[in-house]
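Accompanying notes for the structure given below.
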Amino acid sequence: MKDSPTSQISTVTLLRFEGLNAFWIFGQMQKAKPKLKKVSGLEFSKLMGSGGKNGFSKMLNVNVYVLHCVWESELAANDFFVSSATFSEFRTRAAEAYTIFMKASKAHGLWEGTNPYHTEKITPSGPIAVITRARIKLKFLPRFWSHVPSLGKKVDQALGAIFSIGIGEYPWFMQATFSLWESYDAMRNYAYGSPHHMEVVKKTRELGWYSEELFANFIPYRAEGSWKDLDLKLDEK
């Protein structure tokens, strides 16, 4: 997919840390915020932790983190990943890192009071990425977490699923997911064809579990780095 170097893009970077570096990255959850705010061309960013069992668990995975960024342009993103001292330290300390470059094709809802994505009319013809994010009302935490572990397992087993992980800014009540699918149809078939997923969506609407939520689709067009069992096949012409 051809891309304009001056239009908004988003990136998701998967990061795995081992040993003492796992303690270091945990501290960066707060320490990196002011550094990222100073990055030129970075419009929105979140460094998030993950849960165990592919992220869909109340137990924390102290080794895997995700840096999600929204950039004013691909040029700004390239400059950060090549020249930024902040990302250089992330990359040096990480045992594994994988960055996916994407264009938003659909987005509705809010993330901390704003929708950070500028969407473009792109007809998906290959893999698609999905980000969901929700702030869960405290009184509904037990009900929410009674459904999430089995829901995560179902995503992994869904036809056309490439990869999925549960992530979040804060444990248990600010939750997000990032998933990759072979096609738009595969994603829709799971979203609207899985009885368990539809049950969770129905309960969400009926009971009002969330005080804020967002759903966004992306077209991934470039990937760099390596991640175990993830090799996203993209047309980067």
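The values are calculated or read from the model by the stated rules, or taken from the named source; none is laboratory data. Values in this document were obtained by computation on a predicted structure and should not be read as measured data. Cβ: placed from backbone, ideal geometry, glycine included. Neighbour counts: every protein chain shown.
Can you run down the residue pairs with Cβ atoms below 6 Å, 6 or more apart or on separate chains, where the first is in segment 13-42 and of a type in the set (S, T, N, Q) and the partner is surrounded by 12 or more Cβ atoms within 10 Å (Cβ to Cβ)?
If the second residue must be surrounded by 12 or more Cβ atoms within 10 Å (Cβ to Cβ), the pairs left are THR13/LEU67; THR13/THR99; ASN21/ARG93.
In segment 126-140, which residues are crowded, with 18+ Cβ neighbours inside 10 Å and not in a loop (DSSP other than H, G, I, E, B)?
Selection gives ILE128, ALA129, VAL130, ILE131, ARG133, ALA134, ARG135, ILE136.
Quick check, is THR123 surrounded by fewer than 16 Cβ atoms within 10 Å (Cβ to Cβ) and on the phi < 0 side of the Ramachandran plot?
So THR123 passes the test.
Any residue in segment 192-209 that is of a type in the set (A, V, I, L, M, F, W, C), assigned to a helix (DSSP H, G or I), at pLDDT below 60 and closer than 19 Å to GLY51 by Cα?
no
Looking at (1) surrounded by 15 or more Cβ atoms within 10 Å (Cβ to Cβ); (2) modelled with pLDDT under 60, which one does TRP227 not meet, given that it meets all the others?
In the conditions (1) surrounded by 15 or more Cβ atoms within 10 Å (Cβ to Cβ); (2) modelled with pLDDT under 60, TRP227 misses (2) alone.
Would you tally the residues in segment 16-36 being over 20 Å from ILE167 (Cβ atoms) and modelled with pLDDT under 95?
Result for segment 16-36: 0.
Within segment 4-120, which strands (runs of 3 or more DSSP E) (wholly inside it) include 1 or more residues that are among the β-branched types (Val, Ile, Thr), buried (at least 21 other Cβ atoms within 10 Å of the Cβ) and under 18 Å from the mean Cα position of the chain (by Cα)?
Once the strands (runs of 3 or more DSSP E) in segment 4-120 are filtered for at least 1 residues that are among the β-branched types (Val, Ile, Thr), buried (at least 21 other Cβ atoms within 10 Å of the Cβ) and under 18 Å from the mean Cα position of the chain (by Cα), what remains is 9-16, 60-71, 96-109.
List, please: which pairs have Cβ atoms under 8 Å, are six or more places apart or on different chains, and start with a residue in segment 160-185 that is more than 17 Å from TRP227 (Cβ to Cβ) and assigned to a loop (DSSP other than H, G, I, E, B) and end with one that is at pLDDT 85 or above and aromatic (Phe, Trp, Tyr)?
Between residues of segment 160-185 that are more than 17 Å from TRP227 (Cβ to Cβ) and assigned to a loop (DSSP other than H, G, I, E, B) and residues that are at pLDDT 85 or above and aromatic (Phe, Trp, Tyr), the close pairs are GLY160/TRP181.
Cβ-Cβ under 7 Å, sequence separation 6+ or interchain: first residue in segment 208-227 and charged (D, E, K, R), partner assigned to a strand (DSSP E or B) and at pLDDT 95 or above. Which pairs?
As it stands, the answer is ARG222/PHE101; GLU224/THR99, since those pairs meet every condition given.
Out of segment 160-191, which residues are of a type in the set (Phe, Trp, Tyr) and at pLDDT 85 or above?
Listed by number, the residues that qualify are PHE163, PHE178, TRP181, TYR184.
Would you confirm, using the coordinates I've provided, whether LEU110 is at pLDDT below 95, farther than 16 Å from PHE218 by Cβ and not aromatic (Phe, Trp, Tyr)?
In short, yes.
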